[in-house]
Amino acid sequence: MKSLIQNKKGISTMIEYVLLIVIVMTMSGIVYVWMKTYIPKSDIECQEGVSIYLSNLKCSSVDGKYLLNLTIKNSGRFNLRGFFIRGTEEISQEVANIDLSNKLLGGNSLKSEIIFVGIGDENNFEPTKEEEFSFILDSPIYILDLIPTRLEDIDGKVKLALCGNEKISEKVSCN
């Protein structure tokens with residue numbers, strides 16, 4: 001009789017563990033399905049035909065600082081809103097990861113995006129237009145990346161689209 005009671009205690013403990021595992025797995029499945037709704041279904045992409053061209057790039061040293069002058073031309077078919085600008089401060093570095101937007105002289109900068117002419121709530125930079133930008137840097141840069149941006153209408157909502165396929169990457173020489 002005693003061994004039968006001990007066996008039942010072992011079975012009830014196993015049932016408790018199985019139920020606990022089933023409850024945890026069910027809760028994690030529910031949380032997974034709920035969290036999945038927060039992930040965007042697709043990336044926001046720019047239309048085909050978006051393009052910018054770096055028509056002038058000049059970097060010079062002035063009193064221990066570096067002056068970077070850029071002339072950017074919209075060489076695409078659509079208006080643009082602005083661009084993200086990144087650079088590298090080490091010659092061996094291959095990925096530009098330093099935000100240079102806070103080094104802009106004048107102009108419109110919104111967080112880390114530089115906005116072309118206008119107030120930034122629409123795509124103002126028309127095809128064939130050029131605009132100049134100047135930056136004051138504390139150290140020289142070696143690679144410069146520019147990623148154009150547009151505002152796209154998606155399902156009745158205006159969203160910022162990064163045109164990553166149209167990224168420009170240039171080597172820079174600061175003398």
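Bear in mind that the values in this text are calculations on the coordinates, not laboratory data. What you see is a predicted model; the values in this text were computed from it and never measured. We place every Cβ from the backbone using ideal geometry, glycine too, and count neighbours over all the protein chains shown.
Pop out the Kirkwood hydrodynamic radius of the chain from its pairwise C-alpha distances, inverse of mean 1/r, in Å to one decimal.
Details: mean 1/r = 0.0503 Å⁻¹.
The answer is 19.9 Å.
Please go through the residue pairs 129/171; 58/103; 58/171; 111/171; 111/157; 41/159 and name each one whose alpha carbons sit more than 18 Å apart in this structure.
Details: 129/171 24 Å; 58/103 15 Å; 58/171 11 Å; 111/171 25 Å; 111/157 21 Å; 41/159 14 Å.
The pairs that break the limit, which is 18 Å between Cα atoms, are 129/171; 111/171; 111/157.
Count the net charge of all other residues whose Cβ sits under 12 Å from the Cβ of residue 68, scoring Lys and Arg as +1 and Asp and Glu as -1.
Result for the neighbourhood of residue 68: 0.
Counting only GluC sites (Glu not before Pro) that sit in a DSSP loop (anything but H, G, I, E, B) with at most 15 other Cβ atoms within 10 Å, what is the longest stretch of the chain containing none of them?
The segment 123-175 is the longest one with no such site.
If each residue of separation counts as 0.36 nm, what is the full-extension length gain between residue 53 and residue 35 once their alpha-carbon separation is subtracted? Spell out each step's value before the answer.
On the way: separation 18, 0.36 × 18 = 6.48 nm, distance 4.02 nm.
Fully extending the segment from residue 53 to residue 35 adds 2.5 nm.
Among 66, 53, 17, which one moves the most in a GNM of the chain with springs linking Cα atoms closer than 10 Å?
17
Which of the trypsin sites (Lys or Arg not before Pro) across region 3-103 are loop residues per DSSP, with 15 or fewer other Cβ within 10 Å? Display every interim value, and only then the final one.
Values: sites: 8, 9, 36, 41, 58, 65, 73, 77, 81, 86, 103; in loops: 41, 77, 81.
Here the trypsin sites (Lys or Arg not before Pro) that fit, given the DSSP loop and packing criteria, are 41, 77.
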